[in-house]
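Chemist: Here it is: the structure, laid out below.
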Amino acid sequence: MRSRRMLIVLAAIVMLVSGAAPAYAASAPYESYNYNYWRDAVPSPEAYMPSRSITGETLGIGNFLEPSDMYAAANGNVYVLDRGNNRIVVMDSGWKLKNVIAGFDNNGKQDGFNKPEGMFVADDGTLYIADTENKRVVILHSDGQLAGIVEKPKSDILASNFEFVPLKLTVDRAKRVYVVTRGVFEGIVQFDSDGTFIGFVGTNKVQPNAADYAWRLYSTKAQRAKMVLFIPTEFSNVDIDSKGFVYATNIDPGSDTPVKRISPSGDDVLKRYGYFPVKGDIRYRQMGNDGGPSQLVDVKVREAGMYSVLDSFRSRIFTYDEEGNLLYEFGGKGNQLGTFKLPVAIEAIGERVAVLDQGRGRIVEFNPTAFGSAVNKAVALHNDGQDQAAVEVWQQVLKLNSNYDIAYIGIGKSYLMEKRNKEAMTYFKLGLDRKDYSVAYKRYRREVIKEHFGQTMTVILVIALASWAAWVVVRYRRRRRLISHEG
Amino acid sequence: MKVEWLRFPLHVIVRPFDGFWDMKYEKKGKGLVALLILVLLIVAVIIQKQFSGFLVNFNDPRYLNSIDEFKYILLPFILWCLGNWSVTTLLDGEGRLKEIMITTAYALTPLVLVYYPTTLVSNFITNEESSFFYLLNSFAGLWFIWLLFVGMMTVHQYTATKTIVTMLLTIVVMAIIVFLGMLVFSLIQQIIGFIYSIYYELIFRN
């Protein structure tokens, strides 16, 4: 009884003390995890915590109505494409309202947008808007003056009933425009800087499974005509990295490659060296309310080759490094700050991450925790080739999360480079990285043999001599026995 | 246990036709040795799962269970012997159950001989050399199947084709035995559940 009372007092003290702690230390409304080598979702410290939400109301311009896209430009401004209100809201990086672009001057005539879905802002501030229902791409100068309009492309390779309904877009350094278009399965539509159609890049491949194939084989023509067509899925979003490679996502439930990095020649060159495919969740229920793979609706290339993808189905954000390792996961479905109803866009502002929640018409800003920023820092150092400096940061990460395989492998790689093979082996073993372990072991073994060459050779020689002597003795005895038997 | 008894399986695995003949008609196969081989194999597999080198050991240490190995080796062994005996009794086989058991156990000898050294060596190899590990292990497996084939042929005095047919039939019979076993278990479960619910019905009624 007494111990119980003590416990209550203790609990009260703990509650009082923790109440005084800053709100920042509060637990997140979601549970972060990472996948280990055996594909189990292992709880992990939160890498990002929600810090604030921004709505149209707080900006004083009336609520966002089904906002569809967001872009954080290099000049520090954040642009929100407010689809329902047909306007673009411009903020600075501190979420202060700068101005609202509701229309533009089109050759002396006032023109506006009609349910625009996608937006891109070039480094010089030029805006590219996928003006979806007007079936065009509008290009505006940073001051809001019209710079050009890309209309329905004309080409021999396009069908006569081709409809140009732009959804999402991105622009490379040469000002080529890549547009994801509704109902187009050939790939991403590519325009050059003056708006002429170049062609398609990157196609999603269709892989009918064996059952579908057999079913088709034994059905009549009439049945086949009624069947679902095996057409490639459309892309859901695009982004571009500093080297001009287009990152694209698609929602294909059967695919292990919903994220693609498309090279200028149209090949998928995304590195997938991690333990499992780059597809968001890898362990999920197959059936039921919350079952099925992640539906990736946006991708954001971040610093140091990292990229984040947004799963609108379970409202989670997955961040990968350049090699395709899952670094961290955060976010979730719900009503609290940090959880979403229908997230549609993700952006990175420096180290911060912002997610646009279309369902609730607001932006949620996330700040990295000690764990998150340590991971970001280590990845950046590794990407920079400063593996030795990264070791220290990785050690820090391991203090916060000792289940972090990537940290073990990172340290191992650095030690391997420094020819500390034995230590590298230990770390690779902890990170369950067999490929690198083998390399480290091979070097270590050679080292040991070299060091002990004299002893090794002596032992081998002695064993060889001894076995030869034993063999001679045995043969001699046997022969003698045979002779004595005969004699 | 004589040294000769232990030496006999080593003779059988290199001269199977001769060896299995001697086993059947000269009564050289011993039940005790067969048991020893089985135990050694189970231990070999346990050791291999636990101690083979990191590069070739893909087992999740959290789920390793030595008792399971009995399930995966002893149970199939007994099933095989029973299944084979059931089939060959109907198909004019000359082998008795004890002979079948000893023959099968002796055929497992190569696995015992190969698994221990490969497990040891696997701790000192790199990825490129790991194919030798897999090669040796699969070689032992093929050797075992060859010995089983010759053993069954000799024990039952069958032709080669009939041996293959009975071996395949044995696998079918094994599946049937497992199926029947599960059926019996689930029936027993149902009966127990039935009695339980009657009991609860009675006590809750006062």
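The values are calculated or read from the model by the stated rules, or taken from the named source; none is laboratory data. Note that this is a predicted model, so its numbers are computed, not measured. For neighbour counting, all protein chains shown are included, and Cβ atoms are generated from backbone atoms with ideal geometry for every residue, glycine included. Only protein heavy atoms, including side chains, enter the accessible area calculation; ligands, DNA and RNA are left aside. Shrake-Rupley method; radii C 1.70, N 1.55, O 1.52, S 1.80 Å.
Chemist: So which of B:K2/B:K71; A:K152/A:K260; A:K205/A:K279; A:K399/A:K429; A:K115/A:K152; A:K300/A:K435 end up more than 20 Å apart, counting from Cα to Cα?
Modeler: In this structure, B:K2/B:K71; A:K152/A:K260; A:K300/A:K435 lie more than 20 Å apart at Cα.
Chemist: Relative to the longest principal axis of the C-alpha atoms of chain A, give the angle of the C-alpha long axis of helix A:2-20, reported between 0 and 90° and rounded to the nearest 10°.
Modeler: Helix A:2-20 sits roughly 50 degrees off the main axis of chain A.
Chemist: In segment B:115-167, what percent of the accessible surface is made up of carbon and sulfur (1.4 Å probe, ligands and nucleic acids excluded)?
Modeler: Carbon and sulfur together cover 81 percent of it.
Chemist: Against the longest principal axis of chain A, how steep is helix A:453-486, in degrees 0 to 90 to the nearest 10, with axes from Cα atoms?
Modeler: Once rounded, one gets 50 degrees.
Chemist: How large is the accessible surface per residue of chain A, computed with a 1.4 Å probe and reported in Å² as a whole number?
Modeler: For chain A, the per-residue accessible area is 53 Å².
Chemist: Using only Cα atoms, locate the centre of segment A:98-132 and the centre of segment B:153-206, then give the distance between them in Å, rounded to an integer.
Modeler: One Cα centre to the other: 73 Å.
Chemist: With +1 on each Lys and Arg Cβ and -1 on each Asp and Glu Cβ, how big is the dipole of segment B:7-69 about its Cα centre, in debye rounded to the nearest 20?
Modeler: Here segment B:7-69 has a charge dipole of around 240 debye.
Chemist: Given Cβ point charges of +1 (Lys, Arg) and -1 (Asp, Glu) and nothing else, what value in debye, to the nearest 20, does the dipole of the protein assembly as shown about its Cα centre take?
Modeler: That gives a dipole near 3140 debye.
Chemist: Using packing as a proxy for protection, rank A:335-345, B:146-156 so that the peptide with the highest average count of other Cβ atoms within 10 Å comes first.
Modeler: B:146-156, A:335-345
Chemist: Give the accessible area for A:Y247 in Å² (nearest 10); use a 1.4 Å probe, count only protein heavy atoms, and leave out ligands, DNA and RNA.
Modeler: Accessible area, nearest 10 Å²: 10 Å².
Chemist: Sorted by mean Cβ packing within 10 Å, highest first, what order do the peptides A:377-384, A:147-154 take?
Modeler: Peptide ranking by packing, descending: A:377-384, A:147-154.
Chemist: Among A:V379, A:G125, B:T88, which residue has its Cα furthest toward the positive end of the charge dipole of the protein assembly as shown, with +1 on Lys/Arg Cβ and -1 on Asp/Glu Cβ?
Modeler: Toward the positive end, the furthest listed residue is B:T88.
Chemist: Please name which of B:Y25, B:G53, B:V14 has its Cα lying farthest along the dipole of segment B:3-204 towards the positive end, using unit charges on Cβ (Lys, Arg +1; Asp, Glu -1) and the Cα centre as origin.
Modeler: Selected residue: B:Y25.
Chemist: Report the accessible area of A:V9, computed with a 1.4 Å probe over the heavy atoms of all protein chains in place, in Å² rounded to the nearest 10.
Modeler: Only protein atoms counted, so the area is about 80 Å².
Chemist: A further question on this structure: How well do other chains shield peptide B:118-127, expressed as the mean number of their Cβ atoms within 10 Å of each residue Cβ?
Modeler: Taking all residues of B:118-127 together, the mean is 2.
Chemist: Give me the angle, in degrees from 0 to 90, between the Cα long axis of helix A:434-451 and the longest principal axis of the Cα atoms of chain A, rounded to the nearest 10.
Modeler: The answer is roughly 40 degrees.
Chemist: Along Cα→Cβ, 7 Å out, is where each label goes; now give me the distance between the ones at A:Q388 and A:E447 in nm to one decimal.
Modeler: 1.6 nm
Chemist: Next question. Which one of A:N367, A:T55, A:V42 is farthest out on the positive end of the charge dipole of segment A:35-368, using unit charges on Cβ (Lys, Arg +1; Asp, Glu -1) and the Cα centre as origin?
Modeler: A:V42
Chemist: With r defined as the distance between the Cβ atoms of B:Y134 and B:S197 and R0 fixed at 60 Å, what FRET efficiency is calculated, to the nearest 0.05?
Modeler: Plugging the Cβ-Cβ distance into 1/(1 + (r/R0)^6) gives 0.70.
Chemist: Could you work out how far the C-alpha centroid of segment A:23-66 sits from that of segment A:329-350, in angstrom?
Modeler: 6 Å
Chemist: To continue, here is another question. Only protein chains counted, 1.4 angstrom probe. Which residues of segment B:35-54 are at least 40 Å² less accessible in the assembly than when their chain is isolated?
Modeler: In segment B:35-54, residues shielded by partner chains: B:F54.
Chemist: So, in nm, how far is label B:M182 from label A:K226 when the simple model puts each one 7 Å beyond its Cα toward the Cβ?
Modeler: About 3.6 nm, to one decimal.
Chemist: If all Cα-Cα distances of chain A are sorted into 10 Å bins from 0 onward, what percent lands in each bin, rounded to whole numbers?
Modeler: Using 10 Å bins, I get a P(r) of 4, 16, 23, 21, 14, 8, 5, 4, 3, 2, 1, 0, 0 for chain A.
Chemist: Then there is this: Along the principal axes of its C-alpha atoms, what lengths does chain B span, in descending order and rounded to whole Å?
Modeler: Each principal axis gives a Cα extent; for chain B these are 73, 50, 35 Å.
Chemist: Taking a probe of 1.4 Å and counting only protein heavy atoms, give the total accessible area buried between chains A and B in Å², rounded to the nearest 100.
Modeler: Heavy-atom accessible area buried at this interface is about 1200 Å².
Chemist: With the Cα gyration tensor of segment A:213-340 giving a ≥ b ≥ c as the square roots of its eigenvalues, does the rule (a/c under 1.5 for rounded; else a/b larger than b/c for prolate; else oblate) give rounded, prolate or oblate?
Modeler: oblate
Chemist: Might you report the magnitude of the Cβ-based charge dipole of segment A:223-311 about its Cα centre, with Lys and Arg at +1 and Asp and Glu at -1, to the nearest 20 debye?
Modeler: It comes to approximately 240 debye.
Chemist: Quick one: if you stick a label point 7 Å off each Cα along the C-beta vector at A:K109 and A:R216, how many nm between them?
Modeler: Going from the A:K109 label point to the A:R216 one covers 4.6 nm.
Chemist: Something else now. For the pair B:I145 and A:D40, what calculated FRET efficiency results from E = 1/(1 + (r/R0)^6), where r is the Cβ-Cβ distance and R0 = 35 Å, to the nearest 0.05?
Modeler: Given R0 = 35 Å and the Cβ-Cβ separation, E is 0.45.
Chemist: By average Cβ neighbour count within 10 Å, what is the ranking of B:23-34, A:83-94, B:129-140, A:64-75 from highest down?
Modeler: Listed from highest to lowest mean packing, they are A:64-75, A:83-94, B:23-34, B:129-140.
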